[in-house]
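Engineer: Just dropping this structure here.
Each value in this text was obtained by applying a stated rule to the coordinates, not by laboratory testing. This structure is a prediction, so every number in the text was calculated from the model and none was measured. Here the Cβ is made from the backbone with ideal geometry for all residues, glycine too, and neighbour counts use every protein chain on show.
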Amino acid sequence: MKIKRTERLIDMTQYLVSNPVRLIPLSYFANKYESAKSSISEDLVLVKETFETRGTGTIETVPGSAGGVRFLPLMQKYEAKQVMNFLKTQLEDPERILPGEYVYLSDLLGSPNILARVGKLIATPYMMKHIDVVMTVATKGVPLAQAVARELGVPFVIVRRDSKITEGSTVSVNYASASSKRVEKMELSKRSLNEGDRVLIVDDFLKGGGTINGMCSLVEEFGAKVVGISVFVESKFHGKNEAPSYTSLLCVDELDYKRKYIVASLGNYIEKRK
């Protein structure tokens, strides 16, 4: 059904935002709105200009018979700094300190609005790196991985520390936990990854790096490749950090449970994006 241009622009924008990274042929829009491809191209130029002006992202055009357009929800650096500074303020609330000098993050990772911004923040540097799968470890990393995977338009997989019959056959690895000084096990369903998959690992908290190393080992067992590692919060670790190169949004510099004292700083995310 042919519709007015203003309605077409609104509907097209909504479709692009709802399907990030997905390559959409121009013929799809032309058929849907009963309009010439030239008219659709003109509309897309307007949408792209608006996205870039507002810092929403950009539209990439892929030429050729198998080409089309796709929306890349990129977060600008100035907005990234705003989000990270907001999160830093939230993290420095002394009420977050738990016995054992752990940090309570469930409210931040349970907020849909915060997760949407953090997902876009983490996903932005990987938009052009052809990620196939986002990987995390159960349980608190799950909503974070889901938010990142949505922005990248790819599935996410969950590494577990105990067997689940619903996972079917699994691949398992042993890894050394740098923080607990113990050898532990993690496993992933054989159906989760394919050989050659490009994997982005995300996690909510990094201390010694043992869990990250374990996930890297699992990826290798599948014949896949780790393209990047990103963590929500890292903590200063008194010892050797075993994690390979990674990006972090926030860093806990000082923490004292008895005095209810916590000092945080921005992680290396902005530096890594340069």
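Engineer: By how many nm would the segment from Q90 to S39 lengthen if fully extended, with 0.36 nm per residue of separation less the alpha-carbon distance?
Structural biologist: Fully extending the segment from Q90 to S39 adds 13.7 nm.
Engineer: Cβ under 15 Å from S169's Cβ, S169 left aside: what net charge do those residues give with Lys, Arg +1 and Asp, Glu -1?
Structural biologist: Net of charged neighbours comes to +1.
Engineer: Which three semi-axes in whole Å describe the equivalent ellipsoid of segment 129-274, each the square root of 5 times a Cα gyration tensor eigenvalue, listed largest first?
Structural biologist: 26, 19, 13
Engineer: Additional query: Using alpha-carbon positions, what is the distance between the centroids of segment 39-98 and segment 183-231, in Å?
Structural biologist: 26
Engineer: Taking amide hydrogens as modeled 1.01 Å from N in the peptide plane, which residues meet the under 5 Å criterion relative to A264, leaving out close sequence neighbours?
Structural biologist: D253
Engineer: Name the most mobile residue of L115, L200, L144, meaning the one with the largest mean-square fluctuation, in a Gaussian network model of the chain with Cα contacts below 10 Å.
Structural biologist: L115
Engineer: Follow-up question, since we're still on this one. Normalising by the residue count of segment 126-203, find the relative contact order in percent from Cα pairs under 8 Å and 6+ residues apart.
Structural biologist: So the answer I get is 39 percent.
Engineer: With 10 angstrom as the radius, rank V45, V226 by how many other C-beta atoms surround their C-beta, starting from the fewest. Walk me through the intermediate numbers first.
Structural biologist: Numbers: V45 11, V226 20.
Listed from fewest to most nearby Cβ atoms, that is V45, V226.
Engineer: From the list (1) -0.54, -0.95; (2) -0.34, -0.90; (3) -0.39, -0.91, can you say which value of log10 I(q)/I(0) by the Debye sum over Cα atoms at q = 0.08, 0.13 Å⁻¹ was derived from the structure given?
Structural biologist: (3)
Engineer: Take the residue pairs K88/K236; K77/K140; K129/K207; K185/K225 and return only those whose Cα atoms are more than 18 Å apart.
Structural biologist: K77/K140; K129/K207; K185/K225
Engineer: What list of whole percents do you get for P(r) of segment 9-151, with Cα-Cα distances grouped in 10 Å bins up to the one holding the largest distance?
Structural biologist: With 10 Å bins starting at 0, P(r) equals 10, 34, 29, 17, 7, 3, 0.
Engineer: Grab the beta carbon distance between Y78 and T6, set R0 = 25 Å, and tell me the FRET efficiency rounded to 0.05.
Structural biologist: Numbers: r = 30 Å, r/R0 = 1.21.
Given R0 = 25 Å and the Cβ-Cβ separation, E is 0.25.
Engineer: Using the Kirkwood radius built from alpha carbon pairs, what does the Stokes-Einstein equation give as D for segment 85-193 at 10 °C and 1.306 mPa s, in µm² per second?
Structural biologist: 100
Engineer: Find the percent of Cα-Cα distances in segment 76-122 that exceed 17 Å, and round it to a whole number.
Structural biologist: The answer is 37 percent, as a whole percent.
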